[in-house]
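Below you'll find the structure, written out as structure tokens, and then a few comments.
The values are calculated or read from the model by the stated rules, or taken from the named source; none is laboratory data. Keep in mind that this is a model prediction, so the values were computed, not measured. Note that each Cβ is placed from the backbone with ideal geometry, even for glycine, and that neighbours are counted across all protein chains shown. Each accessible area value is taken on the protein alone, full model and side chains, heavy atoms only, with ligands, DNA and RNA left out. Shrake-Rupley method; radii C 1.70, N 1.55, O 1.52, S 1.80 Å.
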Amino acid sequence: FVQWMEEEGSDIFWITRKPGSGKSTLMKFIFGAQATLSSLQKWAGDRSLLILSSYFWISGSKMQQSKAGFFRHLLHQAIESHPEFALEVFAKTLRAYRVLGPFPFRWGDEELRELLYSLLQMAQKTLRVAIFIDGLDKYGGDSGDVITLLDKIRAGSTSGILDQDTRKNCTGLKLYVSSRKWNEFRARFFDNPKPKMEILNGADIKRYVADKLSRLATFNSYHLGTRADWENPEAG
């Protein structure tokens, strides 16, 4: 992962595996870790960094499951961090406002998508951009749509799915994503770096379960083995 953050021309880094294996916990930790910032700064060199994050949440509101919510979340963070981009990114809206005055306006998916692509293209002229996206499998639409969205973000345009060579040459932006190991994601990210969370966290998960179960009187009354049996099941 450190190598991926620091090197040029790397493709999407994919955290995957089973439900409950710690994908979201790891994503949250990595996004806020000082070591992440240090490694990304090595990649950025003498350029400043723009680091963004977002997530999909199937149990949340429609906006939290949607592309519109995703676009809004990233746009808000980017403009808040670099307000100088606002005048150019929202130029069309500002022109309409000056001509028509105040008017009711609802941002649609297409408008938000174009605004985000425009901002990312602009940002990469002077910055290096890293985006962390958790829960691709929690998107409320078709999984293929969100995969296409990621590749378009990589390209910074509305072009189609990128071939492997083009992906590797998109050096001004890094994407770090997580999802369950669904077939659609496996097909797209097959050649991508992807640690397997239940392997990385397997021993910790066993220790946690053993500790919780050992405290339950009803569990202990059945004499289903000792804590050591749960921590090292192959030895039993």
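What the table below lists for this structure:
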{"item": "Total residues in region 128-155, condition more than 30 Å from GLY45 (Cα to Cα), over 13 Å from the mean Cα position of the chain (by Cα) and open to solvent by 20 Å² or more (accessible area, probe 1.4 Å)", "result": "5"}
{"item": "Test: residue in region 46-58 that is modelled with pLDDT under 90 and closer than 21 Å to ARG188 by Cβ", "result": "yes"}
{"item": "Residues within region 27-39 that are surrounded by 18 or more Cβ atoms within 10 Å (Cβ to Cβ) and touching a strand residue (DSSP E or B) at 6+ places or on another chain (Cβ under 6 Å), tallied", "result": "1"}
{"item": "Count of region 21-55 residues which are more than 22 Å from LEU116 (Cβ to Cβ) and more than 17 Å from the chain's Cα centre (by Cα)", "result": "8"}
{"item": "Pairs where the first residue, in region 77-104, is farther than 19 Å from ILE51 by Cβ and the second is of a type in the set (A, V, I, L, M) and open to solvent by less than 100 Å² (accessible area, probe 1.4 Å), C-beta under 8 Å, 6+ apart", "result": "LEU87/LEU94; GLU88/MET122; PHE90/LEU115; PHE103/ALA96"}
{"item": "Looking only at region 168-203, and only at residues there that are open to solvent by 40 Å² or more (accessible area, probe 1.4 Å), among the charged types (D, E, K, R) and modelled with pLDDT of 80 or more, the one that is farthest from ILE30 (Cα to Cα)", "result": "GLU184"}
{"item": "Members of region 40-72 that are open to solvent by 70 Å² or more (accessible area, probe 1.4 Å) and part of a helix (DSSP H, G or I)", "result": "GLN41, LYS42, LYS62, MET63, ARG72"}
{"item": "Positions within region 73-125 being surrounded by 15 or more Cβ atoms within 10 Å (Cβ to Cβ), more than 20 Å from PHE56 (Cα to Cα) and among the small types (Gly, Ala, Ser), in sequence order", "result": "SER81, ALA86, SER118, ALA123"}
{"item": "Counted residues, region 1-13 - those being in contact with a strand residue (DSSP E or B) (Cβ under 6 Å, 6 or more places away or on another chain) and within 23 Å of GLY202 (Cβ to Cβ)", "result": "2"}
